[in-house]
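J.: Submitted below is the structure of interest, expressed as structure tokens.
All of the numbers you see were taken from the coordinates with simple rules; none came from a lab. All values derive from a computational prediction rather than experimental measurement. Note that each Cβ is placed from the backbone with ideal geometry, even for glycine, and that neighbours are counted across all protein chains shown.
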Amino acid sequence: MYDLIGLIGVVAYLAAYFGVQLMGWSPESPRYFALNVLGPACILVSLSHSFNLASFVTQCTWLLVTLIGGVRLWRRQQARALAASRP
């Protein structure tokens with residue numbers, strides 16, 4: 001079961017990369033963000049069964065960078081919306 005969850009994470013990573021590189025998705029799209037959160041989250045779950053320190057550090061870093069990027073994107077969108085609503 002843990003291996004299956006880890007594989008779902010790998011598929012999420014690959015789908016995000018494939019989408020941006022070959023399908024023209026924006027790296028700012030919600031689906032890209034969701035896949036980049038799902039990937040490390042699933043792999044971290046799989047690591048709870050069979051721990052590997054290097055993979056754990058990589059997945060935590062990837063998740064943290066993705067979340068920071070998502071917050072920054074959300075703030076930019078909020079600032080744009082606020083600026084657009086002002087006369």
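J.: Can we say S46 is of a type in the set (S, T, Y) and either exposed (fewer than 13 other Cβ atoms within 10 Å of the Cβ) or touching a residue at least 40 places away in the same chain (Cβ under 8 Å) (or both)?
T.: Yes; evaluated as a whole, the condition is true for this residue.
J.: With the requirement that a residue be surrounded by 10 or more Cβ atoms within 10 Å (Cβ to Cβ), under 28 Å from L7 (Cβ atoms) and of a type in the set (F, W, Y), what does segment 49-86 give you?
T.: F56, W62
J.: E28 passes all but one of (1) surrounded by fewer than 17 Cβ atoms within 10 Å (Cβ to Cβ); (2) over 13 Å from the mean Cα position of the chain (by Cα); which number fails?
T.: Every condition holds for E28 apart from (2).
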